[in-house]
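Some notes on the structure that comes next.
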Amino acid sequence: MQRILWVDDEIEMLEAHIIFLKEKGYQVDTVTNGNDAVYQVGNNEYDIVLLDETMPGKDGLTTLNEIKDLKPQLPVIMITKNEEESLMEEAIGKRIDDYLTKPVNPSQILMACKKLLDRKEIITEKRSEQYARELAQLSLSLSDNLDRDEWIHLALKMARMDMDLDNTHEQDYRQILYDQRREINVEFGKYIERNYPHWVKEPNPQNRPTLSVDIVSKYIVPKLKQKEKVVFIVIDCLRMDQWFTLEPFFYDWFRVDKEYYYSILPTATPFSRNALFSGLYPVEIEKMYPDLWTMEEDGEGLNRYEKELLDLQLRRSSLDLGNDLKYVKIMNRNDMRNLEKNMNNYLDGQMLAIVINFVDILAHSRSDLPILKEIVPDEAAFRSLTRSWFAHSPITEVLRQIAKSGASTFITSDHGSVRGLRGTKVIGDRETSTNLRYKYGRSLKADAKNAIFIKNPGEWNLPMRGINTTYLIAKEDYYFVYPTNYNKYLNYYRDSFQHGGVSLEEMILPIVKLESKIG
């Protein structure tokens, strides 16, 4: 039985209302003044307080303050004769949960109480009905021959449904959703395997999805040719759902417009981010600019020439910015502080490119630090930590300064990440690459159900790296493990965030245009 405390100096006039609430299954206690109300709240457990605003002695607003000091989460409905807007604004500012204007009838009181007391149950019930319908629709959609835009819509739907569960305890639905996502990624892998080789050979971007190689030419170059100042921000390894958690931070300063695109394969920094900055597929970079291309796994060497590749892409579009092209890579908080301090200098040029590596570092560090895996056990926690980092990072001040500059601003990522939950054996020689979600080398062998096997890299616009080079790209949530010490590494990397393979989470990414609201 839910318990109500009704505070009113004319409580005897409300006997009919109290009887009505009792008949509806509520226990109702009554007091006639603020002091007694505070005492009762301090010594009893109530589910809601009905509080008269005008009482002799301690008035309703003062009583409200003292009740909230004792029990901040206890819902309070203010009942008042005064309809002045200023009074209601003051009351709302003191965290009332609802208010009613006298005279009130019993049904009004009942509905106000149910709205607050039964809100969670009602939401849970409605959400359960909604999720049942949406999950059924997701299953049905897989029977259709989805096109590139429908796959993007499906990825958006999955991300939104996952995020909707963040503030609930409906973990059963989350597991159902994860199982559904796995089924969807099975079909997505087949779709990519059928279509991707045609996309990368299609010279007309209108006849294929927007890919990593198109972003600068499609979004950045037109603004530069109009002599606009442009800021291009790449947050490494940012999933679509993580962007959605960050988006509200931009609303104060920017109007936000989103589109979506497909990362090239492999969905890994040396391939997808170099393609982003160069406007070229990996095989083209290697051929045209061999001095700027490397696949050797030496950390930053993989992407040390991003500014040069961006400059060359702009030159191919007849844009020679020279010193007006600025570039900065953010690896830690000190780098971000230095960017914040020097924003005026960076914004002096016509274009500023910023690469932020925090999310990628976080994803990789989670495998090596057990405490981090405890803090970030799943996608929901990964979103939460990403949001916390952003909220407390100097990047918020950087964005404010960018908004003040009036620059056309674009934010994207080079690839997303997926939780690797299933290992699959791979066999290769000692020259084989070490990546978990993709491999290149000679004589590679793996289960064909779990990976895309690329015998002719040229058909996928990938570098050959020798006559017998082949590629393996993991599907769904698989990751590659060598037979040597198989169980050790299977367990070590299980449930880690990885990238390089084929999944909705890795391949479908936002490209966000920000238009300043600051005059």
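Worth a mention:
- Any hit, segment 391-414, residues being closer than 24 Å to Tyr492 by Cα, surrounded by fewer than 21 Cβ atoms within 10 Å (Cβ to Cβ) and either in the same structural domain as Glu259 (by TED's automatic domain parsing) or touching a strand residue (DSSP E or B) at 6+ places or on another chain (Cβ under 8 Å) (or both): no
- In the condition set (1) in contact with a Phe, Trp or Tyr (Cβ under 7 Å, 6 or more places away or on another chain); (2) under 28 Å from Lys373 (Cβ atoms); (3) outside the structural domain of Leu280 (by TED's automatic domain parsing), Arg465 is compliant with all but (2).
- In segment 453-469, the residues that are of a type in the set (A, V, I, L, M, F, W, C), more than 18 Å from Val426 (Cβ to Cβ) and not in a loop (DSSP other than H, G, I, E, B): Trp460
- Enumeration of residues in segment 461-500 that are of a type in the set (Lys, Arg) and in contact (Cβ under 8 Å) with a residue 24 or more places away in the chain: Arg465, Lys475, Arg494
- Any hit, segment 319-327, residues being assigned to a helix (DSSP H, G or I), surrounded by fewer than 17 Cβ atoms within 10 Å (Cβ to Cβ), free of Cβ contacts under 8 Å to residues at least 24 places away in the same chain and at negative phi: no
- Residue within segment 483-491 that is crowded, with 19+ Cβ neighbours inside 10 Å and over 28 Å from the mean Cα position of the chain (by Cα) present: no
- Screening the candidates Asp360, Asp348, Asp429 for the property of being surrounded by fewer than 18 Cβ atoms within 10 Å (Cβ to Cβ) and at pLDDT below 90 yields one hit, Asp429.
- Residue, surrounded by the most Cβ atoms within 10 Å (Cβ to Cβ), within segment 432-452, restricted to residues that are in contact with a Lys or Arg (Cβ under 9 Å, 6 or more places away or on another chain) and not in a loop (DSSP other than H, G, I, E, B): Ala451
- Scanning segment 142-172 for residues that are touching a Lys or Arg at 6+ places or on another chain (Cβ under 9 Å) and farther than 25 Å from Asp378 by Cα turns up just one, Arg148.
The values are calculated or read from the model by the stated rules, or taken from the named source; none is laboratory data. Just so it is clear, the model here is predicted, and its values are computed rather than measured. FYI the Cβ positions are ideal-geometry reconstructions off the backbone, even for glycines, and counts take in every protein chain you see.
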